[in-house]
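Peer 1: Following this message is one structure expressed as structure tokens.
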Amino acid sequence: MLTSNHSYLSAINPAVKLVTHVLLMIMLMALDDPFTTFYLWIFVLIIGIAIGGWRLPYLVKALLPYTFFFVLVFWMMAAFGKGENVLFHWAWFRVTEESIKNGLNLSLRMLGFVTIGLLFTSTTDLNKLIMSLIHQFHLSPKWAYGFLAGFRCIPLFQEELLQIKAAHRIRGYKNYGSWKAFSRYAVPLLTTAIRRSERMATAMAARGFTGTRERTYYVKPTVSRCDYGYCIFTLLLAGAIIFVVGNY
């Protein structure tokens, strides 16, 4: 669930912030040098700490679960990659300079994707994002409010799944097979989801929601100079880092 941490970055228009972060990811995808990728990742970290409201304990808690996966990807690329300058060779392990470079670049790129995505999700409110998509990206209200309702139902599904599991334990059910456990949980969850969707559709229709664009809005987000400034300066600084480090 997208929730804002009430930092300076949370005041930036979500649509502009989304475009900025997507362009950052595209720039990250185009890099083939691990040093440039590393400095661009550090740049994103600085943004999160300076204006994103990040603290060191939060960063450790958020990025630590992915560390093992990054190390595993690096080792697989380094130990089983291709290259001519062999540094270490034993049994089926063949480590080369090229494979180490590719492994570092790929693992740092994945770390950058996670950090950029975390910077967006930790500073963006779901309601503001939906409203911004409607007004800035001209997304149909029918689709927008459908996405919003779907996101709001995710915590409810998690709570209902815990209740179903607790009820089955009380009644002595045991999970002998994964397929039986899946069907035992999926059927009541699917039934509840259909009932809830019908109630939500009826409630929205009763309140005059037709999905057309000609309707009133409680909040109409706009794009300000600060939003344009964040987008322009972030992309310019990222481009400068890529240019300077790439030509160093």
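The values are calculated or read from the model by the stated rules, or taken from the named source; none is laboratory data. Because the structure is a prediction, the values reported are computed rather than measured. Glycine gets a Cβ as well: all are built from the backbone with ideal geometry, and neighbour counts include every protein chain shown. These area figures cover heavy atoms from the full protein model, side chains too; ligands, DNA and RNA do not enter into them. Shrake-Rupley method; radii C 1.70, N 1.55, O 1.52, S 1.80 Å.
Peer 1: Counting only residues that are hydroxyl-bearing (Ser, Thr, Tyr) and under 28 Å from the mean Cα position of the chain (by Cα), which one in segment 154-207 is nearest to Pro141 (Cα to Cα)?
Peer 2: Of everything passing the filter in segment 154-207, Ser197 is nearest to Pro141 (Cα to Cα).
Peer 1: Continuing with this model, one more query. Among the listed residues Lys61, Lys17, which satisfies the condition of being under 19 Å from Phe233 (Cβ atoms) and among the basic types (Lys, Arg)?
Peer 2: Criteria check complete, one pass: Lys17.
Peer 1: When you check Leu45 against the structure, is it in a helix (DSSP H, G or I), closer than 18 Å to Gly103 by Cα and modelled with pLDDT of 90 or more, yes or no?
Peer 2: It is false that Leu45 is in a helix (DSSP H, G or I), closer than 18 Å to Gly103 by Cα and modelled with pLDDT of 90 or more.
Peer 1: Testing Asn102 on (1) closer than 23 Å to Phe68 by Cα; (2) out of contact with any Leu (no Cβ under 7 Å at 6 or more places or on another chain); (3) not in a helix (DSSP H, G or I), one condition comes back false. Which one is that?
Peer 2: Evaluating Asn102 over (1) closer than 23 Å to Phe68 by Cα; (2) out of contact with any Leu (no Cβ under 7 Å at 6 or more places or on another chain); (3) not in a helix (DSSP H, G or I) leaves (3) as the failure.
Peer 1: Condition test on Cys153, is it of a type outside the set (A, V, I, L, M), open to solvent by less than 40 Å² (accessible area, probe 1.4 Å) and either assigned to a helix (DSSP H, G or I) or touching a Leu at 6+ places or on another chain (Cβ under 9 Å) (or both)? So that I can check it myself, show each step before the final result.
Peer 2: Values: of a type outside the set (A, V, I, L, M): yes; open to solvent by less than 40 Å² (accessible area, probe 1.4 Å): yes; either assigned to a helix (DSSP H, G or I) or touching a Leu at 6+ places or on another chain (Cβ under 9 Å) (or both): yes.
Taking the combined requirement at face value, the residue satisfies it.
Peer 1: Among the listed residues Gly81, Gly146, identify the single one that is at pLDDT below 80 and open to solvent by less than 50 Å² (accessible area, probe 1.4 Å).
Peer 2: So the residue among Gly81, Gly146 that is at pLDDT below 80 and open to solvent by less than 50 Å² (accessible area, probe 1.4 Å) is Gly81.
Peer 1: Still on this model: Kindly indicate whether Ile164 is surrounded by 12 or more Cβ atoms within 10 Å (Cβ to Cβ) and in contact (Cβ under 8 Å) with a residue 24 or more places away in the chain.
Peer 2: Here the answer is yes, as Ile164 does meet what is asked.
Peer 1: Take Arg215 and tell me if it is in contact (Cβ under 8 Å) with a residue 24 or more places away in the chain, over 30 Å from Ile26 (Cβ atoms) and open to solvent by 70 Å² or more (accessible area, probe 1.4 Å).
Peer 2: Considered against the rule, which asks whether it is in contact (Cβ under 8 Å) with a residue 24 or more places away in the chain, over 30 Å from Ile26 (Cβ atoms) and open to solvent by 70 Å² or more (accessible area, probe 1.4 Å), Arg215 comes out as yes.
Peer 1: Among the small types (Gly, Ala, Ser), open to solvent by 50 Å² or more (accessible area, probe 1.4 Å) and either touching a helix residue (DSSP H, G or I) at 6+ places or on another chain (Cβ under 7 Å) or over 30 Å from Val44 (Cβ atoms) (or both): which single residue out of Ala186, Ala201 fits that description?
Peer 2: Every option except Ala201 fails the conditions.
Peer 1: I've got another one for you. Go through (1) in a helix (DSSP H, G or I); (2) at positive phi one by one and return the number of the condition Gly172 breaks.
Peer 2: Gly172 satisfies every listed condition except (1).
Peer 1: Name, by its number, the condition in (1) open to solvent by 100 Å² or more (accessible area, probe 1.4 Å); (2) over 30 Å from Ile51 (Cβ atoms); (3) touching a helix residue (DSSP H, G or I) at 6+ places or on another chain (Cβ under 9 Å); (4) modelled with pLDDT of 80 or more that does not hold for Lys174.
Peer 2: The one condition Lys174 does not meet is (4).
Peer 1: For segment 113-125, does any single residue satisfy the condition of being part of a helix (DSSP H, G or I), over 30 Å from Asp33 (Cβ atoms), without any contact (Cβ under 8 Å) to a residue 60 or more places away in the chain and open to solvent by 30 Å² or more (accessible area, probe 1.4 Å)?
Peer 2: Let us first name the residues in segment 113-125 that are part of a helix (DSSP H, G or I), namely 113-121.
Filter once more, so that each one left must be over 30 Å from Asp33 (Cβ atoms): none.
Looking through segment 113-125, none of the residues is part of a helix (DSSP H, G or I), over 30 Å from Asp33 (Cβ atoms), without any contact (Cβ under 8 Å) to a residue 60 or more places away in the chain and open to solvent by 30 Å² or more (accessible area, probe 1.4 Å).
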